[in-house]
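Undergrad: A single structure is presented below for examination.
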Amino acid sequence: GQIYGDVLYFATEARAGWTHSDPRPFYFWGYFVGLNGIWVLIPGLLLLDACHQLATAQRSHDRPRHKGH
């Protein structure tokens, strides 16, 4: 949900021609892109980690079990 909201936030601003953001490079790249980008980066990394853990768990579950005699 966080990533979806951030994509909408950036997309609507891009579609509006960046009219609501400060045009000075420091503010645009530092504040608008940098600080808001954190809210895309961290959930994205957490999502990748969760997918990796789920795939690992599924592989271990799908592995055939050896019957002990």
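Undergrad: With N residues in the chain, what two-decimal value do you get for its Cα radius of gyration over 2.2 N^0.38 Å? Could you put the intermediate results ahead of the total?
TA: Working: Rg = 20.6 Å, N = 69, 2.2 N^0.38 = 11.0 Å.
This ratio for the chain stands at 1.87.
Undergrad: Roughly to the nearest percent, how much of the accessible area of the stretch 2-62 is carbon and sulfur, given a 1.4 Å probe?
TA: The computed percentage sits at 70.
Undergrad: Which whole-number value in Å² is the accessible area per residue of the chain, probe 1.4 Å? Could you put the intermediate results ahead of the total?
TA: Values: 6120 Å² over 69 residues.
Here the per-residue accessible area is 89 Å².
Undergrad: Next question. Return the calculated 222 nm mean residue ellipticity for the chain, to the nearest 500 deg cm²/dmol, obtained by summing -39500 (n - 2.57) across DSSP H runs with n ≥ 4 and dividing by the residue count.
TA: -20500 deg cm²/dmol
Undergrad: Subtract the Cα-Cα distance of Leu47 and Arg65 from 0.36 nm times their separation in residues, and report this length gain in nm to one decimal. Don't skip to the answer; put the middle values down first.
TA: Details: separation 18, 0.36 × 18 = 6.48 nm, distance 2.97 nm.
The span from Leu47 to Arg65 would gain 3.5 nm if fully extended.
Undergrad: Compute the acute angle (0 to 90°) between the alpha-carbon long axis of helix 2-15 and the principal axis of greatest extent of the alpha-carbon atoms of the chain; round to the nearest 10°.
TA: Between the helix axis and the principal axis of the chain, the angle is about 30 degrees.
The values are calculated or read from the model by the stated rules, or taken from the named source; none is laboratory data. For clarity, every value in this text was computed on a predicted model and none was experimentally measured. Keep in mind that these areas ignore ligands, DNA and RNA; they rest on the heavy atoms of the full protein, side chains included. Shrake-Rupley method; radii C 1.70, N 1.55, O 1.52, S 1.80 Å.
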